[in-house]
Each structure stands twice: as structure tokens, then as C-alpha cells.
1. In the stretch 43-72, what count of residues is obtained for those that are among the polar types (S, T, N, Q) and under 19 Å from Met33 (Cβ atoms)?
2. Tell me which residues, restricted to the stretch 53-67, are farther than 19 Å from Leu17 by Cα and at pLDDT 85 or above.
3. Output the qualifying pairs, or none if there are none: Cβ atoms under 7 angstrom, residues six or more apart or on different chains, first residue in the stretch 11-37 and β-branched (Val, Ile, Thr), second residue at pLDDT 85 or above and part of a loop (DSSP other than H, G, I, E, B).
4. Based on this model, can you work out whether Val28 counts as at pLDDT below 85, within 14 Å of the chain's Cα centre (by Cα) and among the hydrophobic types (A, V, I, L, M, F, W, C)?
Amino acid sequence: MAFAPACGCARGVGQHLNEELSGDGAAVRAELMLAIQTGVWLMRRVPGRPALTEGVPEEFADRIRSLRQVLA
């Protein structure tokens, strides 16, 4: 799963997530997923948080995938 950048293209990612989900609160769950992904992307690049910049991207993807399953 790619990290969504904090820009206009994130709207497309949010729409894609929203289309994947169904049921009550699908839009809210999609926005929460997008917020988590964007937050990780932002914290890796702007302040350069060591735990995030030195970590293994696949590990982040696995953890975000787990969060996504909870929110889905």
C-alpha cells in the first residue's frame, strides 16, 4: 500500500477508499484511513521522525494494512 501524499491527489485516494467500503460510516472510515496514511507520509518527510525515516517501508505497510482491516 502506497502512502498518500498530503496534496490534491489525496482526494482520489480518499474516493478510491470510499468506493471500496460499504455500510454505515463508510465515508468516515475511508477518511480515517486516508488521515492515517497521510499522517505517516507527512511525519516521514517534514520533521523526519527517526523511527519513521529509518524504519522499513514494508513494516509500515503491514501495520497500516492491519489498521485498515480494523477500520474496514
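The values are calculated or read from the model by the stated rules, or taken from the named source; none is laboratory data. No experiment lies behind these values; they were computed from the predicted model shown. Heads up, the Cβs are rebuilt from the backbone with ideal geometry, glycines too, and the neighbour counts pull from every protein chain shown.
1. Step one: of the stretch 43-72, the residues among the polar types (S, T, N, Q) are 53, 66, 69.
Narrowing the set further to residues that are under 19 Å from Met33 (Cβ atoms) leaves 66, 69.
Count: 2.
2. Thr53, Glu54, Val56, Glu58, Glu59, listed by residue number.
3. none
4. Working: at pLDDT below 85: no; within 14 Å of the chain's Cα centre (by Cα): yes; among the hydrophobic types (A, V, I, L, M, F, W, C): yes.
No: the conditions fail for Val28.
For every residue, the table says whether it meets (1) in a helix (DSSP H, G or I); (2) in contact (Cβ under 8 Å) with a residue 12 or more places away in the chain; (3) touching a strand residue (DSSP E or B) at 6+ places or on another chain (Cβ under 8 Å).
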position: Arg44; (1), (2), (3): yes, yes, no
position: Ala51; (1), (2), (3): yes, no, no
position: Gly55; (1), (2), (3): no, no, no
position: Asp62; (1), (2), (3): yes, no, no
position: Arg65; (1), (2), (3): yes, yes, no
position: Gln69; (1), (2), (3): yes, no, no
